[in-house]
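Here the structure is laid out as structure tokens; the discussion comes afterwards.
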Amino acid sequence: MSPYSPVRMLSNLGFGTRSQLAELGHAARLMSRLLALTGPALARFGLVRDQIFFLGNYSLAIITVSGLFVGFVLGLQGYYTLQRYGSSEALGLLVALSLVRELGPVVTALLFAGRAGTSLTAEIGLMKAGEQLSAMEMMAVDPVRRILAPRFWGGVIAMPLLAAVFSAVGIIGGWVVGVVMIGVDAGSFWSQMQAGVDVWRDVGNGVVKSFVFGVTVTFVALHQGFEAQPTPEGVSRATTRTVVVASLAVLGLDFLLTAWMFSL
Amino acid sequence: MQRSKNDVWVGLFVLIGGAAMLFLALKSANLLTLSFDTSYRITAKFDNIGGLKPRAAVKSAGVVVGRVENITFDDKSYQASVHLAMESRYAFPKDSSLKILTSGLLGEQYIGVEAGGDEKNLAAGDVIKQTQSAVVLESLISQFLYSKAADSSSGSGAAPPSGTPEKK
């Protein structure tokens, strides 16, 4: 039968749909197991702490530097647009709102997927390729409980903290460019920001967003690693898919969350 | 639980993250001036609220004395009823009047309170009917054009009272 015959194409379509559905179901089962293991994972906090150290502390440098430069650029671009309308005093408000509501959580999640998500996937994929996970199962140690759950909670705890650092450093970056270098009035920079940014509606929703993104990115990374083909090629493919799937999921979820949170 | 040197660094990381959140809450969003004071709700009826939004400020003499809580439409009087949360520490006479004003030329709209002379003060649940609607630019321009047209058609130097469109 030729590969382009209608029957073959139909069967390929059916196979593709079925395997996608099976992957979705497997992901949902892994998620429910991770959530069910919340208590045991947090009870052995030493494991989670080591993961926070690995995922959070090592990401701090890239997050701080990126936040600073994003803040610089926001200050420059925002000033350029605002001074056309004679309202350059609103620069602080513009920088703070765009960072706290959107850029902080989203850019942090994208960087986190690249910096921490890939290493999680590669680590777990290699453990699988080296049959360490099977060995643990042989010793009646649940790999989901011992390996995946601490990493999951480590990522989920680290991500909102990183996003907060990103936003705070970005605001300082905007202040450096706007107030120190360009000379926008410092008083109106801060007072406009404080008048326009709401603690719960803007900052609080930003924290909720970064928490959701933390769950998304960490879970995608763990799932891709856990599902990787146990070969060098399979691990490399899984690592690539982590970045692609996590980035797309973050951007899509961001639209949904923004539409839901700020729909006033 | 065994201690490790990671403890210190993770603690430092959590501390930095907490400090960043505190910075966002205090410096950029001004949590401290968020009033946890009690407030009393009053309602004001406006013919036209223009671009007034919930959470807009209520100011008297330029000082914020309350916030707009929500805005609904009253289909009995065909007016907008604006619910205001006024801070309890500020009291206003019962016959105070409200105006919708704009800060700056293109700024956001807020409600200005002008105190009246009544001896009794506003209490929770009161309805203020003495209001002045938002200035709608279109009606302002059309008023101006009508008065211009009336001016030139009557031919006399005496301008008719503005805002009363005369038929030619």
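Read the figures in this text as sums done on the coordinates, not as results from a lab. These numbers come from a predicted model, not from an experiment. Please note: Cβ atoms are built from the backbone with ideal geometry, for glycine as well, and neighbour counts cover all protein chains shown.
Between B:S152 and B:V127, what is the FRET efficiency for a Förster distance of 35 Å, r being their Cβ-Cβ separation, to the nearest 0.05?
On the way: r = 44 Å, r/R0 = 1.25.
E between B:S152 and B:V127, to the nearest 0.05, is 0.20.
Within the shell of other residues whose beta carbon sits under 15 angstrom from the beta carbon of B:G50, the net charge comes to 0, with Lys and Arg scored +1 and Asp and Glu -1. Think of each Lys and Arg Cβ as +1 and each Asp and Glu Cβ as -1; about the Cα centre, that makes the dipole of region A:20-108 roughly 240 debye.
A cut-off under 10 angstrom between Cβ atoms defines the neighbours of A:V197, and their net charge, with Lys, Arg +1 and Asp, Glu -1, is +1. Dividing the C-alpha radius of gyration of the protein assembly as shown by 2.2 N^0.38 Å, with N its residue count, gives 1.34. Computed from the Cβ-Cβ distance with R0 of 45 Å, the FRET efficiency linking B:F73 to A:A186 stands at 0.60.
Evaluate the charge dipole of chain A about its Cα centre and quote only its size in Debye, nearest 20, assuming +1 on the Cβ of each Lys and Arg and -1 on the Cβ of each Asp and Glu. Kindly include the intermediate steps, with their values, before the conclusion.
Numbers: 17 positive and 14 negative charges, 107 e Å.
Once rounded to the nearest 20, the dipole reads 520 debye.
Any idea which of A:A96, A:G46, A:V184 is furthest toward the positive side of the dipole for chain A, if Lys and Arg beta-carbons carry +1 and Asp and Glu beta-carbons -1? Final value for the positive-end residue is A:G46. Just name one of A:Y85, B:F144, A:F152: the one whose Cα is farthest towards the positive end of the charge dipole of the protein assembly as shown (beta-carbon charges, Lys/Arg +1, Asp/Glu -1). Projecting each Cα onto the dipole axis, the largest value belongs to A:F152. Within the listed set A:V106, A:V177, A:V70, the Gaussian network model of chain A (springs between alpha-carbon atoms below 10 Å) gives the highest mean-square fluctuation for A:V177. Three principal axis extents of region A:30-121 based on alpha-carbon atoms, in descending order, are 57, 24, 20 Å. The trypsin sites (Lys or Arg not before Pro) of region B:48-100 meeting both criteria, a DSSP state outside H, G, I, E and B (loop) and at most 10 other C-beta atoms within 10 angstrom of the site's C-beta, are B:K76, B:R89. Hey, got a sec? Which trypsin sites (Lys or Arg not before Pro) in region A:7-106 land in a DSSP loop and have at most 16 other Cβ atoms within 10 Å? Passing both the DSSP loop test and the Cβ count: A:R44. Calculate how steeply helix A:186-196 sits against the longest principal axis of the alpha-carbon atoms of chain A, using the helix alpha-carbon long axis, and give the answer as 0 to 90 degrees to the nearest 10. With rounding to tens, the tilt is 50 degrees.
Split chain A at each of the chymotrypsin sites (Phe, Trp or Tyr not before Pro) in a DSSP loop with at most 12 other beta carbon atoms within 10 Å, and the longest piece is A:5-261. Considering only A:A249, A:A22, A:A164, the mean-square fluctuation computed in a Gaussian network model of chain A, springs between alpha carbons under 10 angstrom, is largest for A:A22. Using +1 at the C-beta of Lys and Arg and -1 at the C-beta of Asp and Glu, which of A:V107, A:F15, A:V244 has the Cα lying farthest in the positive direction of the dipole of the protein assembly as shown? Positive-most Cα among the choices belongs to A:F15.
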